[in-house]
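Here the structure comes first, spelled out in C-alpha cells, and everything after it is commentary.
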Amino acid sequence: MEIKDFLVTPVYIILFSTLAYFIRPHVTNAKTKGYFLPALWFSFLGAISLGLVYQFYYEGGDTFNYYFHAGIISEAFYDNFKHGLKLIFKPDILDGEILEYVSKMYWYKDSSAYFVCRSAGFISLFTFNAYSSIAIFFAAFNFSGIWALYSSFQHKYPKGSGRLSLVILFMPSLVFWGSGILKDSICLGALGWLVWGVLQFEIGGRRILSVFVIALSAFILFVVKIYILICLIPALFMWFYLKRIKLVRGFTKKALLAPILASFLMGAGFLAAYAISKEDNRYTLDRVAERAWITAYDIRYYTGKDAGSGYSLGKQDGTWQTMLKLAPSAVNVSFFRPYLWEVKNPLMAIASLESTLAFFLTISVLVKLRSYRVLFKDPFLVFCLTFSLVFAFAVGVSTYNFGTLVRYKLPATLFFYPMLLILGGQRSFKY
C-alpha cells in the first residue's frame, strides 16, 4: 500500500458510510438496524486487512495480480480514453491500439479473472488507482449482497436476528476472504442477491425488480465462477419442488403428483445445469470428474505447493466412480477441517476454530430428533442443506489445499452455518 491509500481510502469510507446511513431506514427494521453500519465497517476492515496480509505475509498473490491488471487498464484510460473503454467493454476484440496493454496482461484471455480486472480497472478511475480504495468498492458490493441474504433469513426467522448476524455478517472467514479484490467478494455478493431475488419473487413482491436482480446476479456468477451456478440450480429446483408439493392438499393427490412434479423439476434442474456447463468446456458434466482431478493436483502439487497447507483425500483418476467415493471425505474437509492439530499458521488457526464450531453445531443438530422434522417441513432449509453439501463436495474434492479451500468453500458456509443455527435452536427462532 502507498501514501495515496491513506489519503483516498478514508474519503471513500466516509462517503459509503454516509450513503449507508441514508439507505439504512429503507433496508432494515427495528431488529436489524443496529447491525447495518457495524457490518459494513467490518467488511471494510476485512478488505483492508486482506490487502495487508497479502502484502506483508504472503508478499503477493491473486489480489495484487488483479490490482496489477487494473493499473494497466487505468493507465490506458489516462493515455487514451478510447483505449481504456476497449479494454473494459470489448475484451474479446484485439487490435493494434490496445496491443501494448494486452501484452502485459496474462489474464486477458481468462474471462472469469479478467472480469475482476475490468471491474477493478473501472473503479480505479475514481480512486487514483489506490489499492485499498478499490478494495472498499469490492467490499461494499459484497456487503450489499450479504445484507440482502441476511435480510431474507431474518424475514423468515425473525427471532434469530442476532445469532444469524453472527454467522452471516460477522463470521471472520466470510468477511476477511469475501471482502477484498478477489473473485470471492463478487461471487458472494452476487449469490446473496440472487437468493434474495428468488425469495422476493416467491412471495410476490417487486417481481420486475426480482427478475432483474436474478438475471444480473446469475450473469455475474456465470462469468466469474460458473460452478457456483451449476451447484445452485439443482438446489433451487429442489426448493421449488418441496414448496409446491406442500401446497397440495390430501395424501392421495400428493402421492399422485409428487413423482410427476419431482421428475419435471429435477429434470429441468439437470438440463439447466447441463446447458450452463456446456458454455465452459472445463465444466461440462462429462468432464467434471476429470476437471476436479486436474484442479486438485494442480493446487496441491503446483500452484499451492509452497503454502504448506496441503491435504489429500486419496488417489483420483478422473472418473466419476472414484470421485463419488470421496464424497464423504470431501464434505468433511470442507466443513470440519483443518482440525486443530493440523494448524500450521495463524490463518489456518482461525479456519480451524470455525470448523470446530461447525462440527459441534452439527453434532448438536444430529442428536435432536426434532431437527429432522423441522428440516423437512421447511423447503428453504432443505435448499440450504442441498446446496451446501453439493458445493462442499465439489470444492473439497477439487482443491487439496486448506489455504485455497477456506476461500472456495465460502458459498457453502454462507448457507450451512445459518441452517445449523436454525435447526439447533428451533424453539428460539420461529418453531
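Each reported figure results from applying straightforward, stated rules to the coordinates on display, with no laboratory input. If you're wondering where the values come from, they're calculated on a predicted model, not measured in any experiment. Positions of Cβ are generated from backbone atoms using ideal geometry, with glycine treated the same way; all protein chains shown enter the neighbour counts.
All other residues whose Cβ lies under 14 angstrom from that of T386 are scored, Lys and Arg at +1 and Asp and Glu at -1, for a net of 0.
In terms of the Cα gyration tensor, with a ≥ b ≥ c the square roots of its eigenvalues, is the stretch 10-55 rounded because a/c is under 1.5, prolate because a/b exceeds b/c, or oblate? Judged from the Cα gyration tensor, the stretch 10-55 comes out oblate (a/c at least 1.5, b/c at or above a/b). As a size descriptor, the averaged projected area of the C-alpha convex hull of the stretch 14-112 was calculated at 9.2 nm². Less than 5 angstrom separates the built amide H of G310 from those of F402, all sequence-distant by 5 or more or on a different chain.
Computed over the Cα atoms of the stretch 79-206, pair by distinct pair, the Kirkwood hydrodynamic radius stands at 16.6 angstrom. For the stretch 106-150, the direction-averaged projected area of the alpha-carbon convex hull comes to 3.7 nm². Charge tally for S49 (other residues, Cβ to Cβ under 15 Å; Lys, Arg +1; Asp, Glu -1): -1.
When you count the other C-beta atoms within 10 angstrom of each residue and take the mean per peptide, 153-161, 170-178 line up highest first as 170-178, 153-161. Each Cα pair under 8 Å and six or more residues apart adds its sequence gap; the mean of these over the residue count of the stretch 1-140 is a relative contact order of 38 percent. Its convex hull of Cα atoms gives the stretch 144-208 a direction-averaged projected area, equal to a quarter of the hull surface, of 4.5 nm². Highest-first packing order for the peptide set 82-89, 24-31 is 82-89, 24-31, based on the mean count of other beta carbon atoms within 10 Å. Highest mean first, the peptides 386-394, 138-146 sorted by other C-beta atoms within 10 Å per residue fall in the order 138-146, 386-394. Placing +1 on each Lys and Arg Cβ and -1 on each Asp and Glu Cβ, with no other charges, gives the stretch 68-163 a dipole about its Cα centre of roughly 680 debye.
Need one word for the stretch 78-129: rounded, prolate or oblate. Basis is the Cα gyration tensor (sqrt eigenvalues a ≥ b ≥ c); a/c below 1.5 gives rounded, then a/b vs b/c decides. Judged from the Cα gyration tensor, the stretch 78-129 comes out oblate (a/c at least 1.5, b/c at or above a/b).
Please compute, over every Cα-Cα pair in the stretch 181-223, the percentage with a separation greater than 13 angstrom. More than 13 Å apart: 48 percent of the Cα pairs in the stretch 181-223.
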